[in-house]
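> Here's a structure for you.
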Amino acid sequence: MEYISEKEKALQEYLPAFTKEPDFDDFWAKTLAISRKHPLNYHLKPAAYPARYLKLFDIDFEGMDGTMIHGWYMEPAFCIHSDNSGEPALKASHKPEKFPCLINFHGFNGDRGQPHDFFLWIMAGMAVLTVDCREQGGSTGSSYPYGSTGIVKNVTTKGLLNPEEYYYRYVYTDCLRALDVACQLPDVDASRLVVHGISQGGGIGTAVCALDNRPCAALLDVPSCADLEKRVWGEYGAFSAVAEYLRKYPFHTKQAMKTLSYFDTMNLAEHITCPVYASVALKDDVCPAECFFAAYNRISSPKQIAIYPFNTHDGARHIHWQKKLEFLQNMKIIE
């Protein structure tokens, strides 16, 4: 265990210099102000699903550029009560109490998922709001009129030469607006919003919690979007596309790195106020543990991290799910 212990110690001490531009905070203040001015225009439509104890809705709302973002909203169609013996039992209910709400952000090239992907959380007594990232694997496109910057390989290079046009500016604000939607849903307890994400979703979740103080907890697994210069240099995961772009256009290297710095969660993480439960895997070559520690080591709110030495980008998911439930129980977010 000596080798593993030394590796974990090095991660806990990893703190690369900020890459923030002087106008970093102003950029985000202006971005959030623009987003808040645009109406949500959300719609909730009941959807059929063959599960008796699930209420399912197709949901959509507008991003700050008018793009319609698609997702699922679901909640338990049961409540927990105690019978005469004092033991908890399930009871069908058409008038549920307000639920804590898990807000889910998916991995790269994924989508809002299928309702059964979230049964674990439903059985824990939570509502779930899960949303598409625009222009990935779901049904959400983009209305933003991008300029002349070309795209190489994937969307991580879209708008790369201008922070105001960069792809993740709109993804981050789309996901922040998902919090606005959750707070307007009548059966959601707005004081118990839990941000959840794996891989890209974990990176987005980190940014969302840094830019908004409404989440009461964050569950961030094998997160992306941190230490982006290292991600590009190592050609790790989705951000390998940026390296491919810069091989084609090497004269854009300085501007590309400048743009990425506004969306690097290591530059945002110090603003997180909610408790965080994160995970990394030491053999992960998609979202390396070291990259996320550049952000994690700057979080000053209560935090815990599970390190899985021999796992890759799977992040010991089959083990870690139970730990996430236990974390929420310990925080009294779920019973």
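> Testing the spin-label approximation: label points 7 Å from Cα along Cα→Cβ at S5 and D285. State their distance in nm.
Reported label-point gap for S5 and D285 is 2.9 nm.
> May I pose another question? Of Y144, H313, G202, which is farthest towards the positive pole of the chain's charge dipole, taken about the Cα centre with +1 and -1 on the beta-carbons of Lys, Arg and Asp, Glu respectively?
Positive-most Cα among the choices belongs to Y144.
> Is there a pair in K98/K283; K258/K323; K7/K332; K30/K254; K45/K332; K37/K332 whose C-alpha atoms are over 29 Å apart, and which pairs would that be?
K98/K283; K258/K323; K7/K332; K45/K332; K37/K332
> Among DSSP bridges having both ends in the chain, what percentage is antiparallel? Round to the nearest 5.
Within the chain, antiparallel bridges account for around 45 percent of the total.
> In addition: Would you check the accessible area of E13, probe 1.4 Å, heavy atoms only, in square angstrom rounded to 10?
Estimated to the nearest 10 Å², E13 gives 120 Å².
> While we're looking at this one, here's another question. Determine the shape class of segment 11-55: with a ≥ b ≥ c the square roots of the Cα gyration tensor eigenvalues, call it rounded for a/c under 1.5, and otherwise prolate if a/b is greater than b/c, oblate otherwise.
It is oblate, given that a/c is not under 1.5 and a/b is not larger than b/c.
> Grab the DSSP H runs of the chain that are 4 residues or longer, score each as -39,500 (n - 2.57), total them, divide by all residues and round the 222 nm result to the nearest 500 deg cm²/dmol.
After summing the helix terms and dividing by the residues of the chain, the value is -9500 deg cm²/dmol.
> Order the peptides 209-216, 327-334, 117-124 from the highest to the lowest mean number of other Cβ atoms within 10 Å of their residues.
With the highest mean Cβ count within 10 Å placed first, the list reads 209-216, 117-124, 327-334.
> By accessible area of protein heavy atoms, probe 1.4 Å, what ranking do R247, R36, R317, R169 get, highest first?
Largest accessible area first, the list is R36, R247, R317, R169.
> While we're here: What are the aspartates and glutamates whose alpha-carbon lies under 15 Å from the alpha-carbon of K55, with same-chain residues fewer than 8 places away excluded?
E75, E97, D117, D187
> Please list E75, E62 from largest to smallest accessible area, probe radius 1.4 Å, with all protein chains kept in place.
Order by accessible area, largest first: E62, E75.
The values are calculated or read from the model by the stated rules, or taken from the named source; none is laboratory data. In this text the structure is predicted, and so the values were computed from the model without any measurement. Don't worry about glycine lacking a Cβ; one is built from the backbone with ideal geometry, like all the others, and counts go over all protein chains shown. SASA here: full protein model, heavy atoms, side chains in, ligands and nucleic acids out. Shrake-Rupley method; radii C 1.70, N 1.55, O 1.52, S 1.80 Å.
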